[in-house]
1. Among 63-73, 247-257, 90-100, 41-51, how do they line up from the highest to the lowest mean number of other beta-carbon atoms within 10 Å?
2. How big is the Rg/Rh ratio for region 85-148, C-alpha atoms only, Rh by Kirkwood, two decimals?
3. Can you give the Kirkwood hydrodynamic radius for region 39-223, in Å, rounded to one decimal and based on Cα pairs?
4. In nm, to one decimal, how far is the residue 251 label point from the residue 197 one, both placed 7 Å along Cα→Cβ?
5. Given a Förster radius of 35 Å and the C-beta distance between residue 79 and residue 45 as r, what FRET efficiency does 1/(1 + (r/R0)^6) yield to the nearest 0.05?
């Protein structure tokens, strides 16, 4: 297959030879389109983990695994995502079909508290599923609609990131029960966020742009950065500096307890 692609890209060869390569490429593409993805389970605790694997019927491609290894999400061969239990005696026996999306699931993530599942689909919606609900399949709600499909979703302890395959990325603050409540539109300047990850301590979000091949870091706890900056500078902004950086904004002290000269502020 690689030799066929290499020959077509080279632009070399006789017309009949190139026509033959094109036909071979088309035949391979047709075979790929007819291939059905299969999800299998291997028991790593078995004496021989390479033994017979358990095939998940109509599983499609595996998408996400919960942090406690209780749940596995797969795309389903019919574009209906399936939630498989990996705990107890009936591992992978009867999945929960998650009905709600009109097209195949493109990306998914489990929350770290094992309470929520988020799925992004080619139907341009992202859905939130309650894993503690009596009927998980009926628990979903549309969290966001985009004009283009989803590229990535990611969870942290206090945050959820959703990004589409065009130029929008939203950062959601999680409530006490772990559900997303309000979102912040990240200024990605039209760049397509292709991947994202949160630091384990919840202080940073790292995103990767597909268009510019750049990596960006976002501070999720700016108060800690302000405290660090105040320690390093040892003073507040002067009036002139404030106007230079924040023209038109009323002056306020970024470093409580210090004046513009670095002296301890005296309350009267």
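1. Details: 63-73: 17.3, 247-257: 10.9, 90-100: 15.1, 41-51: 9.1.
Sorting 63-73, 247-257, 90-100, 41-51 by mean packing, highest first, produces 63-73, 90-100, 247-257, 41-51.
2. Reported Rg/Rh (Cα atoms, Kirkwood Rh): 0.99.
3. Values: mean 1/r = 0.0580 Å⁻¹.
For region 39-223, inverting the mean 1/r across all distinct Cα pairs yields 17.2 Å.
4. 4.5
5. 0.60
Only the coordinates and a few stated rules stand behind these numbers; no lab work does. Values in this document were obtained by computation on a predicted structure and should not be read as measured data. So basically every Cβ, Gly included, is an ideal-geometry build from the backbone, and we count neighbours across all protein chains shown.
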